[in-house]
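Some notes on the structure that comes next.
The values are calculated or read from the model by the stated rules, or taken from the named source; none is laboratory data. All of these numbers come straight from a predicted model, not from anything done at the bench. Don't worry about glycine lacking a Cβ; one is built from the backbone with ideal geometry, like all the others, and counts go over all protein chains shown. Ligands, DNA and RNA are stripped out before the accessible areas are found, and what is left, the full protein with its side chains, is counted by its heavy atoms. Shrake-Rupley method; radii C 1.70, N 1.55, O 1.52, S 1.80 Å.
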Amino acid sequence: MSSITSLKGVILVADDNESVREPLTELLRLNCYRVIAVENGEEAFKQACSQDVDLVLLDVMMPGPTGFSVCRAIKARPETRFLPVVLITGLACAEDRIRGIEAGADDFLHKPVKKEELLARVRSLVRLKRYTDELENAETVLCTLARSIEAKDPYTEGHCDRLSRSAVSLAEKIGLSREECNDLRRSGIVHDIGKVAVPDFVLLKPGPLDVNERRIMEEHTIIGERICAPLRSFRNVLPIIRWHHEKRDGSGYPDHLKGDEIPLTARILQTVDIYDSLTTDRPYRKALSREKTMEIMWEETRRGWWDADLVAALDGLLTDSQLALSAASA
Ligand SMILES: [Fe+2]
(Lines give C-alpha, C1' and ligand atoms only; values in the text may rest on other atoms or scores of the structure.)
Protein backbone atom coordinates (compact mmCIF):
# COMPACT_ATOMS: atom_id res chain seq x y z
CA MET A 1 0.00 0.00 0.00
CA SER A 2 1.16 3.51 -0.69
CA SER A 3 1.66 5.90 2.17
CA ILE A 4 0.90 9.63 2.07
CA THR A 5 4.63 10.45 1.96
CA SER A 6 5.27 8.32 -1.12
CA LEU A 7 2.17 9.42 -3.02
CA LYS A 8 3.29 10.38 -6.52
CA GLY A 9 0.15 12.09 -7.72
CA VAL A 10 -3.60 11.93 -8.22
CA ILE A 11 -4.88 10.28 -11.41
CA LEU A 12 -8.44 10.46 -12.66
CA VAL A 13 -9.35 7.34 -14.65
CA ALA A 14 -12.55 7.43 -16.74
CA ASP A 15 -13.65 4.27 -18.55
CA ASP A 16 -17.11 2.67 -18.74
CA ASN A 17 -15.59 -0.77 -19.19
CA GLU A 18 -14.83 -2.32 -15.82
CA SER A 19 -12.40 -4.83 -17.32
CA VAL A 20 -10.23 -1.87 -18.43
CA ARG A 21 -10.88 0.52 -15.54
CA GLU A 22 -10.15 -1.88 -12.70
CA PRO A 23 -6.72 -3.19 -13.86
CA LEU A 24 -5.65 0.39 -14.71
CA THR A 25 -6.68 1.58 -11.26
CA GLU A 26 -4.94 -1.33 -9.57
CA LEU A 27 -1.71 -0.81 -11.51
CA LEU A 28 -1.61 2.90 -10.68
CA ARG A 29 -2.39 2.31 -7.00
CA LEU A 30 0.40 -0.26 -6.77
CA ASN A 31 2.72 2.39 -8.16
CA CYS A 32 1.80 4.88 -5.46
CA TYR A 33 -0.75 7.03 -7.28
CA ARG A 34 -4.07 7.97 -5.74
CA VAL A 35 -6.77 7.03 -8.24
CA ILE A 36 -10.24 8.48 -8.72
CA ALA A 37 -12.08 6.01 -10.97
CA VAL A 38 -15.30 6.99 -12.77
CA GLU A 39 -17.54 5.34 -15.36
CA ASN A 40 -18.65 8.15 -17.65
CA GLY A 41 -17.68 11.45 -19.20
CA GLU A 42 -20.01 13.57 -17.13
CA GLU A 43 -18.58 12.29 -13.86
CA ALA A 44 -15.04 12.64 -15.24
CA PHE A 45 -15.56 16.33 -15.95
CA LYS A 46 -17.16 16.89 -12.56
CA GLN A 47 -14.23 15.27 -10.76
CA ALA A 48 -11.63 17.08 -12.89
CA CYS A 49 -13.23 20.40 -11.87
CA SER A 50 -13.71 19.66 -8.18
CA GLN A 51 -10.65 17.58 -7.18
CA ASP A 52 -6.96 18.41 -7.13
CA VAL A 53 -6.05 16.07 -10.01
CA ASP A 54 -2.59 15.75 -11.64
CA LEU A 55 -3.55 13.76 -14.73
CA VAL A 56 -6.68 12.50 -16.51
CA LEU A 57 -6.83 9.18 -18.38
CA LEU A 58 -9.93 9.30 -20.57
CA ASP A 59 -11.55 6.57 -22.58
CA VAL A 60 -12.70 7.98 -25.93
CA MET A 61 -15.99 6.11 -26.27
CA MET A 62 -18.11 6.39 -23.13
CA PRO A 63 -21.81 6.79 -22.39
CA GLY A 64 -22.75 10.48 -22.38
CA PRO A 65 -20.02 12.92 -23.35
CA THR A 66 -17.15 11.27 -25.23
CA GLY A 67 -13.51 11.55 -24.16
CA PHE A 68 -13.05 14.20 -26.87
CA SER A 69 -15.74 16.49 -25.48
CA VAL A 70 -14.62 16.01 -21.87
CA CYS A 71 -11.05 16.80 -22.93
CA ARG A 72 -12.23 19.92 -24.79
CA ALA A 73 -14.26 21.05 -21.77
CA ILE A 74 -11.30 20.56 -19.40
CA LYS A 75 -8.99 22.54 -21.68
CA ALA A 76 -11.55 25.34 -22.08
CA ARG A 77 -11.66 26.14 -18.34
CA PRO A 78 -8.89 28.50 -17.18
CA GLU A 79 -8.63 26.55 -13.89
CA THR A 80 -8.01 23.18 -15.59
CA ARG A 81 -6.49 24.12 -18.95
CA PHE A 82 -3.02 22.94 -17.87
CA LEU A 83 -4.29 19.63 -16.49
CA PRO A 84 -2.71 16.93 -18.70
CA VAL A 85 -5.21 14.67 -20.48
CA VAL A 86 -4.37 11.30 -22.06
CA LEU A 87 -6.96 9.77 -24.38
CA ILE A 88 -7.24 6.01 -24.37
CA THR A 89 -8.56 4.69 -27.64
CA GLY A 90 -9.31 1.24 -28.93
CA LEU A 91 -8.92 2.37 -32.50
CA ALA A 92 -5.43 3.19 -33.66
CA CYS A 93 -6.85 5.29 -36.47
CA ALA A 94 -5.36 8.61 -37.53
CA GLU A 95 -8.75 10.34 -37.47
CA ASP A 96 -9.17 9.72 -33.73
CA ARG A 97 -5.71 11.10 -33.11
CA ILE A 98 -6.46 14.24 -35.08
CA ARG A 99 -9.75 14.74 -33.23
CA GLY A 100 -7.88 14.21 -29.95
CA ILE A 101 -5.21 16.76 -30.84
CA GLU A 102 -7.93 19.24 -31.83
CA ALA A 103 -9.62 18.64 -28.48
CA GLY A 104 -6.33 19.57 -26.76
CA ALA A 105 -5.23 16.06 -25.62
CA ASP A 106 -1.64 15.93 -24.37
CA ASP A 107 -1.05 12.28 -25.27
CA PHE A 108 -2.63 9.00 -26.43
CA LEU A 109 -2.60 5.39 -25.32
CA HIS A 110 -4.01 2.49 -27.30
CA LYS A 111 -5.89 -0.49 -25.90
CA PRO A 112 -4.69 -2.91 -24.72
CA VAL A 113 -2.64 -0.47 -22.67
CA LYS A 114 0.94 -1.66 -22.10
CA LYS A 115 1.94 -1.44 -18.46
CA GLU A 116 5.42 0.11 -18.99
CA GLU A 117 4.17 2.57 -21.55
CA LEU A 118 1.35 3.71 -19.28
CA LEU A 119 3.62 4.21 -16.28
CA ALA A 120 6.22 6.11 -18.35
CA ARG A 121 3.56 8.49 -19.76
CA VAL A 122 1.99 9.01 -16.36
CA ARG A 123 5.38 9.74 -14.77
CA SER A 124 6.39 12.35 -17.35
CA LEU A 125 2.99 14.09 -17.48
CA VAL A 126 2.68 14.27 -13.69
CA ARG A 127 6.18 15.82 -13.63
CA LEU A 128 5.03 18.35 -16.24
CA LYS A 129 1.98 19.17 -14.13
CA ARG A 130 4.25 19.86 -11.13
CA TYR A 131 6.29 22.37 -13.16
CA THR A 132 3.11 24.08 -14.32
CA ASP A 133 1.83 24.23 -10.73
CA GLU A 134 5.10 25.85 -9.60
CA LEU A 135 4.84 28.38 -12.39
CA GLU A 136 1.25 29.17 -11.50
CA ASN A 137 2.23 29.53 -7.85
CA ALA A 138 4.95 32.02 -8.81
CA GLU A 139 2.42 33.99 -10.86
CA THR A 140 -0.03 33.93 -7.97
CA VAL A 141 2.65 35.29 -5.61
CA LEU A 142 3.41 38.14 -8.02
CA CYS A 143 -0.26 39.00 -8.46
CA THR A 144 -0.85 38.91 -4.69
CA LEU A 145 2.12 41.22 -4.15
CA ALA A 146 0.78 43.60 -6.82
CA ARG A 147 -2.66 43.64 -5.19
CA SER A 148 -1.18 44.27 -1.74
CA ILE A 149 0.59 47.38 -3.10
CA GLU A 150 -2.67 48.54 -4.65
CA ALA A 151 -4.45 48.00 -1.32
CA LYS A 152 -2.12 50.50 0.40
CA ASP A 153 -3.81 53.34 -1.43
CA PRO A 154 -7.61 53.50 -1.11
CA TYR A 155 -7.71 55.74 -4.19
CA THR A 156 -6.33 53.04 -6.45
CA GLU A 157 -8.47 50.16 -5.12
CA GLY A 158 -9.73 47.93 -7.93
CA HIS A 159 -7.50 49.75 -10.43
CA CYS A 160 -5.49 46.62 -11.39
CA ASP A 161 -8.51 44.42 -12.10
CA ARG A 162 -10.26 47.18 -14.05
CA LEU A 163 -7.11 47.81 -16.05
CA SER A 164 -6.67 44.14 -16.74
CA ARG A 165 -10.20 43.89 -18.15
CA SER A 166 -10.17 47.12 -20.13
CA ALA A 167 -6.71 46.45 -21.63
CA VAL A 168 -7.96 43.07 -22.91
CA SER A 169 -11.15 44.67 -24.30
CA LEU A 170 -9.14 47.30 -26.16
CA ALA A 171 -6.67 44.68 -27.45
CA GLU A 172 -9.56 42.50 -28.66
CA LYS A 173 -11.19 45.48 -30.36
CA ILE A 174 -8.09 46.14 -32.46
CA GLY A 175 -7.62 42.44 -33.24
CA LEU A 176 -4.62 41.42 -31.14
CA SER A 177 -3.83 37.72 -30.71
CA ARG A 178 -4.97 35.63 -27.75
CA GLU A 179 -1.39 35.54 -26.43
CA GLU A 180 -1.10 39.32 -26.56
CA CYS A 181 -4.45 39.66 -24.78
CA ASN A 182 -3.16 37.29 -22.14
CA ASP A 183 0.03 39.37 -21.72
CA LEU A 184 -2.15 42.45 -21.25
CA ARG A 185 -4.39 40.69 -18.74
CA ARG A 186 -1.34 39.88 -16.61
CA SER A 187 0.28 43.27 -17.06
CA GLY A 188 -2.90 44.99 -15.88
CA ILE A 189 -2.33 43.33 -12.51
CA VAL A 190 1.47 43.56 -12.18
CA HIS A 191 2.43 46.70 -14.16
CA ASP A 192 3.01 48.75 -10.99
CA ILE A 193 4.55 45.94 -8.91
CA GLY A 194 7.82 47.94 -8.75
CA LYS A 195 6.03 50.37 -6.41
CA VAL A 196 6.87 47.85 -3.67
CA ALA A 197 10.25 49.65 -3.56
CA VAL A 198 8.74 53.15 -3.39
CA PRO A 199 8.56 54.47 0.21
CA ASP A 200 5.07 55.30 1.49
CA PHE A 201 5.84 59.01 1.94
CA VAL A 202 6.28 59.18 -1.84
CA LEU A 203 3.69 56.58 -2.86
CA LEU A 204 0.91 58.04 -0.73
CA LYS A 205 1.83 61.73 -0.95
CA PRO A 206 -1.40 63.61 -1.64
CA GLY A 207 0.22 66.52 -3.47
CA PRO A 208 2.63 66.87 -6.40
CA LEU A 209 6.03 65.14 -6.08
CA ASP A 210 9.30 67.13 -5.96
CA VAL A 211 12.19 66.30 -8.33
CA ASN A 212 13.77 63.75 -6.02
CA GLU A 213 10.46 62.05 -5.16
CA ARG A 214 9.58 61.89 -8.84
CA ARG A 215 12.91 60.19 -9.59
CA ILE A 216 12.18 57.55 -6.90
CA MET A 217 8.64 57.01 -8.24
CA GLU A 218 9.83 56.63 -11.83
CA GLU A 219 12.08 53.74 -10.83
CA HIS A 220 8.98 51.55 -10.31
CA THR A 221 9.07 50.64 -14.02
CA ILE A 222 12.63 49.28 -13.90
CA ILE A 223 12.20 47.58 -10.52
CA GLY A 224 8.93 45.99 -11.69
CA GLU A 225 10.65 44.58 -14.74
CA ARG A 226 13.43 43.17 -12.54
CA ILE A 227 10.95 41.52 -10.13
CA CYS A 228 9.09 39.73 -12.94
CA ALA A 229 12.14 38.94 -15.10
CA PRO A 230 12.89 35.45 -13.64
CA LEU A 231 9.47 34.19 -14.76
CA ARG A 232 9.79 32.95 -18.34
CA SER A 233 6.02 33.07 -18.90
CA PHE A 234 6.22 36.84 -18.20
CA ARG A 235 8.79 37.59 -20.89
CA ASN A 236 6.25 39.42 -23.10
CA VAL A 237 4.85 41.24 -20.07
CA LEU A 238 8.25 42.78 -19.19
CA PRO A 239 8.23 45.39 -22.02
CA ILE A 240 4.76 46.51 -20.87
CA ILE A 241 5.94 46.91 -17.27
CA ARG A 242 9.09 48.80 -18.27
CA TRP A 243 7.54 51.09 -20.87
CA HIS A 244 4.00 51.86 -19.69
CA HIS A 245 5.03 55.45 -18.84
CA GLU A 246 6.78 56.28 -22.11
CA LYS A 247 5.33 59.03 -24.35
CA ARG A 248 5.39 59.21 -28.16
CA ASP A 249 7.37 62.48 -28.18
CA GLY A 250 10.14 60.89 -26.05
CA SER A 251 9.28 62.85 -22.89
CA GLY A 252 8.25 59.76 -20.92
CA TYR A 253 10.35 57.41 -18.77
CA PRO A 254 12.49 55.39 -18.13
CA ASP A 255 14.10 55.16 -21.61
CA HIS A 256 12.55 58.16 -23.46
CA LEU A 257 11.35 55.92 -26.30
CA LYS A 258 9.63 57.64 -29.22
CA GLY A 259 6.61 56.78 -31.40
CA ASP A 260 6.41 53.13 -32.39
CA GLU A 261 9.56 52.29 -30.42
CA ILE A 262 7.06 51.90 -27.58
CA PRO A 263 5.58 48.41 -28.04
CA LEU A 264 1.89 48.34 -29.00
CA THR A 265 0.97 46.32 -25.90
CA ALA A 266 2.62 48.95 -23.64
CA ARG A 267 0.73 51.72 -25.50
CA ILE A 268 -2.55 49.85 -24.96
CA LEU A 269 -1.95 49.52 -21.24
CA GLN A 270 -1.01 53.19 -20.87
CA THR A 271 -4.13 54.29 -22.79
CA VAL A 272 -6.46 52.46 -20.41
CA ASP A 273 -4.28 53.39 -17.42
CA ILE A 274 -4.64 57.12 -18.12
CA TYR A 275 -8.38 56.78 -18.70
CA ASP A 276 -8.81 54.87 -15.43
CA SER A 277 -6.70 57.36 -13.44
CA LEU A 278 -8.69 60.34 -14.70
CA THR A 279 -12.09 58.72 -14.15
CA THR A 280 -11.44 57.76 -10.51
CA ASP A 281 -11.30 59.99 -7.40
CA ARG A 282 -7.88 61.27 -6.29
CA PRO A 283 -6.97 63.02 -3.03
CA TYR A 284 -6.56 66.29 -4.96
CA ARG A 285 -9.59 66.03 -7.31
CA LYS A 286 -12.86 64.21 -7.91
CA ALA A 287 -13.25 61.68 -10.71
CA LEU A 288 -13.69 63.29 -14.11
CA SER A 289 -16.57 62.49 -16.45
CA ARG A 290 -16.00 60.34 -19.53
CA GLU A 291 -16.43 63.42 -21.78
CA LYS A 292 -13.95 65.56 -19.83
CA THR A 293 -11.45 62.66 -19.68
CA MET A 294 -11.60 62.07 -23.44
CA GLU A 295 -11.19 65.81 -24.00
CA ILE A 296 -7.98 65.78 -21.91
CA MET A 297 -6.70 62.61 -23.58
CA TRP A 298 -7.24 64.07 -27.07
CA GLU A 299 -5.51 67.27 -26.02
CA GLU A 300 -2.52 65.25 -24.75
CA THR A 301 -2.56 63.17 -27.93
CA ARG A 302 -2.27 66.38 -30.00
CA ARG A 303 0.60 67.39 -27.74
CA GLY A 304 2.37 64.20 -28.94
CA TRP A 305 2.00 61.97 -25.87
CA TRP A 306 -0.48 59.20 -26.72
CA ASP A 307 -1.32 56.94 -29.65
CA ALA A 308 -4.21 58.60 -31.55
CA ASP A 309 -5.45 55.28 -33.02
CA LEU A 310 -5.69 53.75 -29.57
CA VAL A 311 -7.39 56.77 -28.04
CA ALA A 312 -9.94 56.60 -30.90
CA ALA A 313 -10.38 52.85 -30.35
CA LEU A 314 -10.94 53.42 -26.63
CA ASP A 315 -13.48 56.14 -27.41
CA GLY A 316 -15.26 53.66 -29.72
CA LEU A 317 -15.16 50.95 -27.09
CA LEU A 318 -16.74 53.26 -24.51
CA THR A 319 -19.45 54.26 -26.98
CA ASP A 320 -20.12 50.56 -27.77
CA SER A 321 -20.42 49.64 -24.09
CA GLN A 322 -22.63 52.65 -23.36
CA LEU A 323 -24.88 51.67 -26.27
CA ALA A 324 -24.96 48.10 -24.98
CA LEU A 325 -25.81 49.37 -21.50
CA SER A 326 -28.61 51.63 -22.71
CA ALA A 327 -29.94 48.83 -24.94
CA ALA A 328 -29.97 46.48 -21.94
CA SER A 329 -31.83 48.97 -19.77
CA ALA A 330 -34.30 49.91 -22.56
FE1 LIG B 1 3.03 52.83 -13.36
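The mean accessible area for residues of segment 1-120, using a 1.4 Å probe and ignoring ligands and nucleic acids, is 52 Å² per residue.
Computed over the chain, the P(r) tail beyond 31 angstrom holds 48 percent of alpha carbon pairs. When only the Cβ of Lys, Arg, Asp and Glu is charged (+1, +1, -1, -1), the dipole of segment 44-109 relative to its Cα centre reaches about 220 debye. Here the label points at residue 143 and residue 212, each 7 Å from Cα along the C-beta direction, are separated by 3.9 nm in the simple model. Prolate is the label for segment 148-217, because the ratio a/c of its alpha-carbon gyration tensor axes (a ≥ b ≥ c) is 1.5 or higher and a/b is greater than b/c. For the set 195/247; 46/75; 46/115; 129/152; 173/286; 152/286, the pairs lying more than 24 angstrom apart at their alpha carbons are 46/115; 129/152; 173/286. Exposed loop sites here are trypsin sites (Lys or Arg not before Pro) assigned a DSSP state other than H, G, I, E or B and surrounded by at most 12 other beta carbons within 10 Å; excluding them, the longest clear run of the chain is 115-234. For the chain, modelled as a GNM whose springs connect Cα atoms under 10 angstrom apart, the maximal fluctuation among 189, 98, 262 occurs at 98. Residues within the reach of a label modelled at residue 279 (point 7 angstrom out along Cα to beta-carbon, backbone nitrogen below 19 Å), restricted to segment 291-308, are 291-301, 306-308. Against the main long axis of the alpha-carbon atoms of the chain, helix 159-173 sits at an angle near 80°.
Counting only alpha carbon atoms, the long axis of helix 67-76 and the longest principal axis of the chain meet at about 20°. Against the chain, whose longest principal axis is taken from its Cα atoms, helix 18-30 shows a tilt of about 70°.
When the chain is treated as a GNM, springs tying every alpha-carbon pair under 10 Å, which of 135, 27, 310 comes out with the largest mean-square fluctuation? Result for the chain, Cα springs under 10 Å: 27 fluctuates most. Hull volume per residue, based on the alpha-carbon atoms of segment 182-288 and their convex hull, is 106 Å³. One equal scatterer on each Cα of segment 68-192, no solvent, Debye formula: the resulting log10 I(q)/I(0) at q = 0.10, 0.22 Å⁻¹ is -0.49, -1.24.
Springs join every pair of Cα atoms under 10 Å in this Gaussian network model of the chain, and among 228, 71, 143 the largest mean-square fluctuation is at 71.
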